[in-house]
Structures are given as C-alpha cells and as structure tokens.
Amino acid sequence: QVQLVESGGGLVQAGGSLRLSCAASGRTFRSYVMGWFRQAPGKEREFVAAISRSGGDTVYGDSVKGRFTISRDNAENTVYLQMNSLKSEDTDVYYCAADNTVLVQTTVAAYDYWGQGTQVTVSS
C-alpha cells in the first residue's frame, strides 16, 4: 500500500506557473505508475498526466499538452506536475494517484491509491 500527499497548490494569475508535488510513503514507489487528475465541483474527475515507473514514458490530457509536464524522482518518492501558461479553466482540485501495474493508463478506475487533493485557482 502507498499513501500520497499532494502539495504546491495555490492562487496564481492567468499565464503564471505552479509546480505540484506528490510525496509517496513506502519503499515501493518505483513500482507504481503515477498520475495526476483534476476535478471541479459537480464534474467528473479528469485525467491530466501520467508517467511510467521509470519515468521514460509520459501521457497527457489534450487540454494540458504543451503546457504541463509530469516528472518523478524515484529516489525521493515524489512525482511532480509543472504547470505553465495557466488558464482560468485549469482551476480545480488536483489529485495524485498511483497504479500498481505496468501500463500507463488514463482512466480513474485504473488507479488504486489517491491523495487528498490540492486546490489550484487561476485568476483571470
């Protein structure tokens, strides 16, 4: 089992940047595919980005391609989401998730463990 704790959210102006971090407990972090999702009140959770266990493969949602970058540091048990050129529509609660499989997947159902979320608010 792995526990996930997100940090780095906050209020930023449109066009600005934020970097989210997700710290994982346990010694098996490198065994998990890691993902970021986001959710607004009353809406379904949306896939943002995912990264393979080694960090060599990444996948992005269409709405963030070219603006967001996911990365991981297996020595530090941490996954990051660098968010640039932020837009008001990026305002959401962002969740980190871990999937104990090989495939880099994009669906909510594929992920086994979730963090508590961190709020990102982009002012226009």
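The values are calculated or read from the model by the stated rules, or taken from the named source; none is laboratory data. If you're wondering where the values come from, they're calculated on a predicted model, not measured in any experiment. Heads up, the Cβs are rebuilt from the backbone with ideal geometry, glycines too, and the neighbour counts pull from every protein chain shown. Only protein heavy atoms, including side chains, enter the accessible area calculation; ligands, DNA and RNA are left aside. Shrake-Rupley method; radii C 1.70, N 1.55, O 1.52, S 1.80 Å.
Values for this structure:
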| item | result |
| --- | --- |
| Gain in span if fully extended, Asn100 to Asp62, counting 0.36 nm per residue against the direct Cα distance | 11.3 nm |
| FRET efficiency for Ala40 and Gln1, using Cβ-Cβ distance with R0 set to 25 Å, rounded to 0.05 | 0.30 |
| Accessible heavy-atom area order of Val104, Val12, highest first, probe of 1.4 Å | Val104, Val12 |
| Relative packing of peptides 13-19, 85-91, 38-44 - highest average C-beta neighbours within 10 Å first | 85-91, 13-19, 38-44 |
| With DNA, RNA and ligands ignored, accessible area of Thr106 (1.4 Å probe; Å², nearest 10) | 60 |
| For Val59, solvent-accessible area (1.4 Å; no DNA, RNA or ligand), Å² | 50 |
| Label-point gap, in nm, between Gln13 and Gln82 - each point 7 angstrom along Cα→Cβ | 2.2 |
| Contact order relative to length of the chain, as percent, for alpha carbon pairs under 8 angstrom and 6 or more apart | 36 |
| Pairwise label distance in nanometres, Ser52 with Thr107, each label 7 Å out on the Cα-Cβ vector | 2.2 |
